[in-house]
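S.K.: Below you will find the structure I want to go over with you.
The values are calculated or read from the model by the stated rules, or taken from the named source; none is laboratory data. Since the model is a prediction, treat every value here as computed from it, not as a measurement. Backbone-built Cβ (ideal geometry, glycine too); neighbour counts: all protein chains shown.
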Amino acid sequence: MVSATLATTAAATPAKASARPRLPAWLEIAKPRLIPLLLATTLGGMALAEGWPSNGLTITLTLVGGALASAAAGILNCLWEQDLDGRMQRTSSRALPSGRLAQNAAFAMAIALTLASVLVLCLGVNPLAAALSLLGLCSYVLLYTALLKPRTAQNIVIGGVAGAIPPLVGAAAVSGHLTAGAWWLFALVMVWTPAHFWALALLLRDDYRSVGIPMLPVVKGVAVTVRAIRTYAWLTVAVSLLGVVVLPSGGLLYGVLLIPFNVRLLQQCHALSRNPDAAAPARGV
């Protein structure tokens with residue numbers, strides 16, 4: 001399970017990053033700031049599934065297993081990208097490129113966390129939840145990080161599936177199968193992720209250019225990227241409104257609750273269109 005917010009922590013400027021208290025190396029590479037976001041969408045998938053509310057043990061074990069998988073994915077991502085991180089000033093002080101943590105130790109941690117996640121979910125929840133969580137981990141590390149990110153500007157459009165899987169894990173944990181509500185939340189995260197990611201990539205385009213990563217702002221320029229962000233923002237609004245029809249019960253309530261979020265998203269896109277280098281709207285998309 002990995003987040004639809006694949007680049008959130010990367011959006012910190014060097015000044016802000018250095019101002020934060022430094023985490024222990026073993027914790028830093030697990031990307032702990034992303035884990036709560038992933039668990040929130042897992043809970044969303046649970047809440048939209050038949051069988052909710054579930055018993056407290058199932059909920060707890062699902063969240064623990066998801067957190068372990070997310071941490072493992074973060075570590076494997078750091079291992080794969082440590083050479084790139086070492087070449088960028090913004091990331092050169094991270095645990096692996098700076099030498100604060102040995103590569104072998106990080107790899108052992110990732111394997112241990114992966115196995116622990118599979119065991120917790122398979123034995124404590126059900127095999128479907130475990131398989132989906134492992135699929136999310138593999139799609140982030142292998143599909144997005146290793147295959148797509150260095151090769152295509154559309155990397156996040158396809159690779160965003162990794163961050164959209166947690167709602168499916170949540171639904172599987174509660175109901176034992178994949179529900180319409182979980183697929184709706186999956187689709188919502190999928191269409192929001194490119195807008196969110198590309199907005200952050202605008203701020204980091206010089207870094208990406210310096211190491212040859214073909215992010216959309218690097219390959220197509222700022223104007224094309226801003227138009228793409230607007231397109232996916234409107235797609236996000238459209239998919240969110242589909243919940244009124246798709247959700248078996250409470251769809252209208254979800255539609256009403258999402259109105260302020262949709263308004264905020266479109267406001268941030270408008271602000272970004274006027275000033276693509278503004279940090280606040282980029283982080284608000």
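S.K.: Among the residues of the stretch 57-72, write down those that are in contact (Cβ under 8 Å) with a residue 60 or more places away in the chain and crowded, with 24+ Cβ neighbours inside 10 Å.
M.R.: Answer for the stretch 57-72, where residues must be in contact (Cβ under 8 Å) with a residue 60 or more places away in the chain and crowded, with 24+ Cβ neighbours inside 10 Å: 62, 65, 66, 69, 70, 72.
S.K.: I'm checking my understanding of the structure. Among residues of the stretch 206-227 that are within 19 Å of the chain's Cα centre (by Cα) and either charged (D, E, K, R) or assigned to a helix (DSSP H, G or I) (or both), which one is modelled with the highest pLDDT?
M.R.: 216
S.K.: I need the full set of residues from the stretch 90-145 which are of a type in the set (A, V, I, L, M) and either touching a strand residue (DSSP E or B) at 6+ places or on another chain (Cβ under 6 Å) or within 13 Å of residue 61 (Cα to Cα) (or both), in order please.
M.R.: Scanning the stretch 90-145 gives 116, 118, 119, 120, 121, 123, 125, 129, 130.
S.K.: Moving on. Quickly run through the stretch 243-267 and pick out the residues that are part of a helix (DSSP H, G or I), surrounded by 12 or more Cβ atoms within 10 Å (Cβ to Cβ) and at pLDDT below 90.
M.R.: 243, 244, 246, 251, 252, 253, 254, 255, 257, 258, 259
S.K.: Would you check if there is a residue in the stretch 268-276 being without any contact (Cβ under 8 Å) to a residue 24 or more places away in the chain, in a helix (DSSP H, G or I) and of a type in the set (D, E, K, R)?
M.R.: yes
S.K.: Now, a different point. Can you work out which of the residues in the stretch 140-151 that are touching a helix residue (DSSP H, G or I) at 6+ places or on another chain (Cβ under 6 Å) and free of Cβ contacts under 8 Å to residues at least 40 places away in the same chain is surrounded by the most Cβ atoms within 10 Å (Cβ to Cβ)?
M.R.: Ranking the candidates gives 148 first.
S.K.: Next question, about the same structure. For the stretch 84-105, which positions are more than 15 Å from residue 23 (Cα to Cα), in contact (Cβ under 8 Å) with a residue 60 or more places away in the chain and not basic (Lys, Arg)?
M.R.: Scanning the stretch 84-105 gives 84, 88, 89, 105.
S.K.: Where residues in the stretch 120-136 are of a type outside the set (A, V, I, L, M), touching a residue at least 12 places away in the same chain (Cβ under 8 Å) and surrounded by fewer than 23 Cβ atoms within 10 Å (Cβ to Cβ), which of them is farthest from residue 160 (Cα to Cα)?
M.R.: Looking at the filtered set, the residue picked out is 124.
S.K.: Mind checking which residues of the stretch 61-98 are under 14 Å from residue 130 (Cα atoms) and among the β-branched types (Val, Ile, Thr)?
M.R.: 62, 64, listed by residue number.
S.K.: What is the one condition in (1) β-branched (Val, Ile, Thr); (2) under 14 Å from the mean Cα position of the chain (by Cα); (3) crowded, with 23+ Cβ neighbours inside 10 Å that residue 157 does not satisfy?
M.R.: Only one criterion is unmet by residue 157, namely (3).
S.K.: Being among the charged types (D, E, K, R), farther than 26 Å from residue 243 by Cβ, surrounded by fewer than 16 Cβ atoms within 10 Å (Cβ to Cβ) and at pLDDT 90 or above narrows it down to one residue among 20, 100; which is it?
M.R.: 100
S.K.: Could you please let me know if residue 202 is part of a helix (DSSP H, G or I), surrounded by 21 or more Cβ atoms within 10 Å (Cβ to Cβ), at negative phi and not basic (Lys, Arg)?
M.R.: Considered against the rule, which asks whether it is part of a helix (DSSP H, G or I), surrounded by 21 or more Cβ atoms within 10 Å (Cβ to Cβ), at negative phi and not basic (Lys, Arg), residue 202 comes out as yes.
S.K.: Still on this structure, I have one more. For a quick check of your reading of the model, give me the residue pairs whose first member lies in the stretch 213-234 and is at negative phi, whose second is at pLDDT below 95 and aromatic (Phe, Trp, Tyr), with beta-carbon atoms closer than 6 Å and at least 6 apart or on different chains.
M.R.: Short answer, once both residue conditions are applied: 215/208; 218/208.
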